[in-house]
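The values are calculated or read from the model by the stated rules, or taken from the named source; none is laboratory data. As the structure is a prediction and not an experimental result, all values here were calculated from the model. Cβ coordinates were reconstructed from backbone atoms using ideal geometry, including for glycine residues, and neighbour counts include every protein chain displayed.
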Amino acid sequence: MIFSKFERLAAYRYLRAKRKEGFISVITGFAFTGIALGVATLIIVMSVMNGFREELLSRILGIDGHIGITSIAGYPFNNYRQAMKEISSFDKVQTVIPMVQNQLLVTAGKAAEGAMIRGITKEDLLKKDVLKNSVKYIDMSEFQDNVAIIGYRLAQKMGIVSGDEITLISPNGKVTAFGTVPRMKSYRVIGSFDVGMYEYDASTIFLPLEAAQKYFGLGDAVTHIDVTLTDGKYMPQVRQAIVESVGDGAYVYDWKQSNAAFFNAIDVERNVMFLILTLIIIVAAFNIITGLIMLVKDKGRDIAVLRTMGATKGMIMRIFFMDGAFIGIVGTILGLVLGVLFCDNIEAIRHGLEAMSGRDLFSAEIYFLSHLPAKIDMLEVTMVVVISLLLCFLATIYPAYRAAKFDPVEALRYE
């Protein structure tokens with residue numbers, strides 16, 4: 001659509017309300033502000049949801065891997081080395097890590113907590129970047145024999161510091177004439193790890209693989225095998241190849257199965273929030289309609305004069321279309337800038353709000369992560385901008401049409 005210089009000047013003039021037209025200017029301001037806030041809010045919320053999902057996924061895959069293999073009925077893998085060799089030969093497989101994994105009770109002094117014990121070699125632990133970065137202040141040369149690395153939140157709850165001893169208690173102990181005696185053994189804590197996810201930091205303890213095998217009486221066997229891929233999109237094919245390789249003697253699962261309910265809930269919430277927040281933009285678009293209709297009624301005499309001077313209906317329609325489009329375009333651009341700036345500085349903003357309110361606004365116990373993530377998806381941002389502009393342009397059509405259909409004779413008759 002090409003606008004003449006006259007149409008642009010007239011549209012600009014009508015956007016600058018006189019003193020007696022102050023109420024119309026207020027409505028226009030509300031419409032402009034509503035569009036900007038709606039776009040900014042939608043970008044912020046979608047970015048936070050994306051960041052939350054990506055951060056959780058990176059923590060989960062950084063510890064558990066894409067695919068897990070466990071034995072059926074709890075029997076250990078005695079031939080795990082052969083299985084690892086076959087799996088490692090598959091295309092797109094990055095690491096294959098044997099582990100001993102079990103839940104039990106850990107005590108220190110008078111404190112007692114349930115914990116997940118993971119037996120892993122030092123070399124395999126350092127292959128996982130998430131774990132490697134979380135233990136960089138620990139002397140990993142000490143990670144052998146009867147030592148442990150404990151999640152820092154679990155250490156806080158139990159009052160444990162480096163050098164303290166913890167006692168692991170397993171109900172699956174030795175069978176004696178007097179019944180089953182729980183298995184108990186003490187380990188020295190050489191440090192704590194912080195992966196930034198509450199579920200792991202508050203309930204996980206790492207032991208050297210040999211120490212875990214000895215504690216659970218597994219000999220040279222393991223209970224789990226974790227497989228990490230070079231790219232998660234190849235997971236279905238690799239998983240099927242692993243199932244065919246290990247046969248019926250093991251259960252093969254992936255991260256989507258073990259976390260299905262959680263990530264499905266995130267996706268549903270994300271879609272619902274998108275729909276709900278889009279309503280803000282729709283409401284602001286209705287404000288554009290209201291403001292332009294009132295402007296058309298107020299400018300009735302001006303429209304009549306323009307029509308008698310030779311202005312066509314198309315010219316009048318384009319003038320008021322430009323007014324509404326200007327509000328929508330500038331409001332959308334401002335909302336885009338506000339949304340991106342907010343996402344880029346969201347952690348600083350959170351800390352500032354927490355300092356002013358004196359409250360923890362993002363509790364790790366509730367939200368699983370220790371910081372507020374935000375990941376801007378340019379495709380989604382583009383979609384938000386397009387939706388906003390489309391709604392704004394649609395909102396200007398009816399008022400512009402009303403202006404074009406205005407009868408100049410009737411307007412001048414009552415002046």
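Scanning the range 204-220 for residues that are surrounded by fewer than 20 Cβ atoms within 10 Å (Cβ to Cβ) and modelled with pLDDT under 90, we see that the one that is nearest to residue 121 (Cα to Cα) is 220. Taking each residue of the range 233-250 that is under 15 Å from residue 65 (Cβ atoms) and at pLDDT below 80 and looking for partners that are assigned to a helix (DSSP H, G or I) and of a type in the set (D, E, K, R) with beta-carbon atoms closer than 6 Å, six or more apart or interchain, yields nothing. Taking the criterion of being more than 19 Å from the chain's Cα centre (by Cα) and assigned to a helix (DSSP H, G or I), the residues of the range 240-256 that qualify are 240, 241, 242, 243, 244, 245, 246, 247, 248, 249. In the range 267-299, the residue that is farthest from residue 28 (Cα to Cα) out of those that are of a type in the set (Asp, Glu) and within 27 Å of the chain's Cα centre (by Cα) is 267. A Cβ distance below 9 Å, combined with a sequence gap of six or more or placement on separate chains, defines the contacts here; from the range 197-221, residues that are charged (D, E, K, R) reach residues that are part of a strand (DSSP E or B) in the pairs 201/151; 201/192; 201/193; 210/119; 214/185.
Close contacts from the range 371-385, counting a first residue that is on the phi > 0 side of the Ramachandran plot and a second that is of a type outside the set (A, V, I, L, M, F, W, C) and at pLDDT 90 or above, with Cβ to Cβ under 7 Å and a gap of 6+ residues or different chains, come to none at all.
Please determine whether any residue of the range 197-209 is touching an Asp or Glu at 6+ places or on another chain (Cβ under 9 Å), part of a loop (DSSP other than H, G, I, E, B) and on the phi > 0 side of the Ramachandran plot. No, there is no match, as no residue in the range 197-209 is touching an Asp or Glu at 6+ places or on another chain (Cβ under 9 Å), part of a loop (DSSP other than H, G, I, E, B) and on the phi > 0 side of the Ramachandran plot. For the range 33-46, the criterion of being in contact with a helix residue (DSSP H, G or I) (Cβ under 9 Å, 6 or more places away or on another chain), modelled with pLDDT of 85 or more and part of a loop (DSSP other than H, G, I, E, B) is met by none of the residues.
Every condition in (1) part of a strand (DSSP E or B); (2) out of contact with any Gly (no Cβ under 6 Å at 6 or more places or on another chain); (3) hydroxyl-bearing (Ser, Thr, Tyr) is met by residue 228 except one, and the failing one is (2).
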